[in-house]
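Asker: Mind having a look at this structure? Questions to follow.
The values are calculated or read from the model by the stated rules, or taken from the named source; none is laboratory data. These figures come from a predicted structure and were not determined experimentally. Here Cβ is always computed from backbone atoms with ideal geometry, including for glycine, and neighbour counts include all displayed protein chains. We work out accessible area using only protein heavy atoms, side chains counted, and drop any ligands, DNA or RNA first. Shrake-Rupley method; radii C 1.70, N 1.55, O 1.52, S 1.80 Å.
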Amino acid sequence: MPLFPPDLEAFIRLAEENGLELEPSDLEVYHGAAAALLQSWNVVEALYARVAPTAPRRDWERPVSDANPYNAWYVRTEITEASDGPLSGLRAAIKDNIAVAGVPMMNGSTTVEGYVPDTDATVATRLLAAGATIAGKSVCEDLCFSGGSHTSKTGPVRNPWDETRSAGGSSSGSAALVASGVVDIAVGGDQGGSVRIPSAFCGTVGHKPTFGLVPYTGAFPIEQSIDHLGPITRTVAHAALLLTVLAGSDGRDPRQAGAIEPVDYLAAIQAPASGLRIGVVTEGFGLANSEPEVDSTVRAAIATLEGAGLVAEEVSIPWHRHGAAIWDVLSVEGATSQMVDGNGYGMNWKGYYDPELIAFYGAKWRQDPSAFSETVKLVVLAGRHALATSHGKHYAMARTLESALRQAYDEALAGYDVLVMPTVPIRASVLPEPGAPVEEILSRALEMLANTCPFDVTGHPACSVPAGLSDNLPVGLMIVGKLFDDATVLRVAQALETAVGGFPLPTSVRSNA
């Protein structure tokens, strides 16, 4: 649609609103110059039309409630494009913040509802090329800003272990579908723990790769410096296989600096883990809201690893307790600037942009900002206040502190192969009832982030694996490794899975097996 320049009256209002104090004699000069300048916008639009992608025709359907276990599907598909490959025969769910061309993407929010991408995200292309079948788009939380599974506008996603409880967020549908065996593998997104949190709550393997290892191209952004995509699977072997397919540069994501050497993660986890050194992070236990059952279950899993020949020692990293505050500033000010005011993508970088999504979402949220979820409203209120008051000063401070936080983990990792701690301090919490007070909605969305979110800031690989059960609810153990040493993280995860004879399944799945 052409961009028309403002008429003179509108131009005068624009100058006044922005405090430019133009002399009346200069207004017509500026108006004419701006009108001429804005013609370039129409030239760019005409040129873009020559290269704009066209979505393929793909069938999809919205599942009825009886065919939507745990309320975890947004739409169902049956997309297969390769008859063989490393993922042949595997059915995959893909989080609904990730573009699958020709298939609706809602990102859990009415502010995106109705949008249909024209282009596959890189991870979708790689899934299909490897022989997987994309079985559908899995529900995610509203604009992905919740660690609970109750903010999506399609309704809460229920935990397969106990349907009154949260499946975790924001990759809630992906974890629930994998845990229940509806799909074999899934792709999730992680900005504060959103692959690892639902994996901890649902008893799946959730791997947040090293920052930049897996291209984010074609996924709805929150903040470019903390956006990750990664596997959610039942077994470590499937996580390693899926990461092998997803990893590597795509040439369109500047977060992927330089060439990324290919790694066969499935082969890597076959190497013996005996003798690897584990640093048990003291500050990851005994948080203000830690459940004793979680801490004890994780320590029992560490003892199991020791029994398998790994060496575990306590290590103190005081900076770990500061990680959440650093993440708060970066995610809130960053998301306010990029995800809200910048219509998802923001500006000032050389990466992939989706102009149609930017226009669609940017117009729709401004029509009714009250449609934002409670968590996004909190981000807008806190973020806009901070930015208006300190003009990004604290964001810059947090960005500077990021290197100190990363260095603290790197110094610990210089003496250990991996670090471990509880993924989250609690087991799956009870879902808020319809009409629950805002205080409860916010609390259930943000109460579990303290251990996961620091590694979205520093970019270290971090994998949640089932540590065991407590009162028949899963508890997650998080394994953190050196940058781009995802293979060792997965080797330790595989050592635990082997030692316990496989990770447990929900009772409903076991009874149907």
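Asker: In square nanometres and to one decimal, what's the mean projected area of the convex hull around the Cα atoms of segment 4-73? Numbers along the way, then the final one.
Answerer: On the way: hull surface 39.2 nm².
Result: a mean projected hull area of 9.8 nm².
Asker: Please give me the summed charge of the neighbours of Asp341: other residues whose Cβ is under 15 Å from its Cβ, Lys and Arg +1, Asp and Glu -1.
Answerer: Once positives and negatives cancel, what remains is +2.
Asker: Quick check on the chain: of the DSSP beta bridges with both residues there, what percent are antiparallel, nearest 5%?
Answerer: 70 percent
Asker: Using the basic label-point model (7 angstrom from Cα toward the beta carbon), what is the Thr54 to Ser403 distance in nanometres?
Answerer: 5.0 nm
Asker: Right, next: What distance in nm separates the two pseudo spin-label positions at Arg277 and Arg252, each 7 Å out from Cα along the beta-carbon direction?
Answerer: Label at Arg277, label at Arg252, 4.3 nm between them.
Asker: Please return the longest stretch of the chain lacking exposed loop sites, where trypsin sites (Lys or Arg not before Pro) count only if DSSP places them in a loop and at most 16 other Cβ atoms lie within 10 Å.
Answerer: The answer is 59-251.
Asker: At a temperature of 10 °C and a viscosity of 1.306 mPa s, determine how fast segment 158-221 diffuses translationally according to Stokes-Einstein, using the Kirkwood radius over alpha-carbon pairs as Rh; express D in µm²/s, rounded to the nearest whole number.
Answerer: Details: Rh = 11.9 Å.
Using the Kirkwood radius from Cα pairs, D works out to 134 µm²/s.
Asker: Still on this structure, please answer the following. Checking the table Lys95/Lys377; Lys153/Lys377; Lys153/Lys364; Lys350/Lys377; Lys95/Lys208; Lys95/Lys393 against a 25 Å threshold on Cα-Cα, which pairs fail?
Answerer: Numbers: Lys95/Lys377 22 Å; Lys153/Lys377 14 Å; Lys153/Lys364 15 Å; Lys350/Lys377 29 Å; Lys95/Lys208 14 Å; Lys95/Lys393 34 Å.
The answer is Lys350/Lys377; Lys95/Lys393.
Asker: List the residues, sorted by chain then number, that are 5 or more residues from Tyr115 or on another chain and whose placed amide H is less than 5 Å from its amide H.
Answerer: Met105
Asker: Using a Förster distance of 25 Å, how high is the FRET efficiency between Glu439 and Glu293, based on the Cβ-Cβ distance and rounded to 0.05?
Answerer: On the way: r = 25 Å, r/R0 = 1.00.
After rounding to 0.05, the efficiency reads 0.50.
Asker: Also, I was wondering about something else. Give the distance, in whole Å, between the Cα centre of segment 165-217 and the Cα centre of segment 232-263.
Answerer: Going from one Cα centre to the other spans 15 Å.
Asker: Please work out the FRET efficiency for the pair Leu14 and Ser83, using the Cβ-Cβ distance as r and a Förster radius of 56 Å; give the result to the nearest 0.05. Write out the running numbers ahead of the final one.
Answerer: Numbers: r = 58 Å, r/R0 = 1.03.
That pair, Leu14 with Ser83, gives E of 0.45.
Asker: Under the definition of Cα pairs under 8 Å and six or more residues apart, what whole-number percent is the relative contact order of the chain?
Answerer: Reported relative contact order: 17 percent.
Asker: Can I ask one more? Label segment 54-106 by shape, choosing from rounded, prolate and oblate, from the square roots a ≥ b ≥ c of the eigenvalues of the Cα gyration tensor; if a/c is under 1.5 it is rounded, and otherwise prolate applies when a/b is larger than b/c, oblate when it is not.
Answerer: oblate
Asker: Right, here's the next one. Taking θ as phi - 60°, what are the ³J(HN,Hα) couplings along segment 411-422 by the Karplus curve (6.51, -1.76, 1.60), each to the nearest whole Hz, with x for Gly and Pro?
Answerer: Each residue's phi maps through the Karplus curve to give 5, 5, 6, 5, x, 9, 6, 9, 10, 9, 5, x Hz.
Asker: Show me, for segment 155-162, the HN-Hα J-couplings you get by feeding each phi into the Karplus relation (A = 6.51, B = -1.76, C = 1.60, θ = phi - 60°), rounded to Hz, glycine and proline as x.
Answerer: x, x, 8, 9, 7, x, 7, 6
Asker: Before anything else, pin down the relative contact order of segment 95-239: Cα pairs under 8 Å, at least 6 apart, normalised by residue count, whole percent. Walk me through the numbers on the way to the answer.
Answerer: Values: 366 pairs, mean separation 31.6, N = 145.
Across segment 95-239, relative contact order equals 22 percent.
Asker: If you don't mind, another one. On a 0 to 90 degree scale, rounded to 10, what angle separates helix 374-390 from the longest Cα axis of the chain?
Answerer: In the chain, helix 374-390 runs at an angle near 60 degrees to the longest axis.
Asker: Leaving out ligands, DNA and RNA, and with a 1.4 Å probe, what % of the accessible surface on the chain is carbon or sulfur?
Answerer: The nonpolar share, carbon plus sulfur, comes to 57 percent.
Asker: Please work out the average accessible area per residue across the chain, using the 1.4 Å probe convention, and give it in Å². If you can, show how the numbers build up before the last one.
Answerer: On the way: 20310 Å² over 513 residues.
Spelled out: the 1.4 Å probe surface of the chain, per residue, equals 40 Å².
Asker: Using each residue's phi in segment 16-29, evaluate 6.51 cos²θ - 1.76 cosθ + 1.60 at θ = phi - 60° and report the 3J(HN,Hα) Karplus result to the nearest Hz, with x for Gly and Pro.
Answerer: Couplings: 5, 4, 9, x, 7, 6, 7, 5, x, 5, 8, 4, 5, 5 Hz.
Asker: Is the C-alpha gyration tensor of segment 173-296 telling us rounded, prolate or oblate? Criteria: a/c under 1.5 is rounded; beyond that, a/b larger than b/c is prolate, otherwise oblate.
Answerer: Verdict is rounded for segment 173-296.
Asker: Answer rounded, prolate or oblate for segment 32-161, using the Cα gyration tensor with square roots of eigenvalues a ≥ b ≥ c: rounded when a/c is under 1.5, else prolate when a/b is larger than b/c, else oblate.
Answerer: It comes out oblate by the Cα gyration axes.
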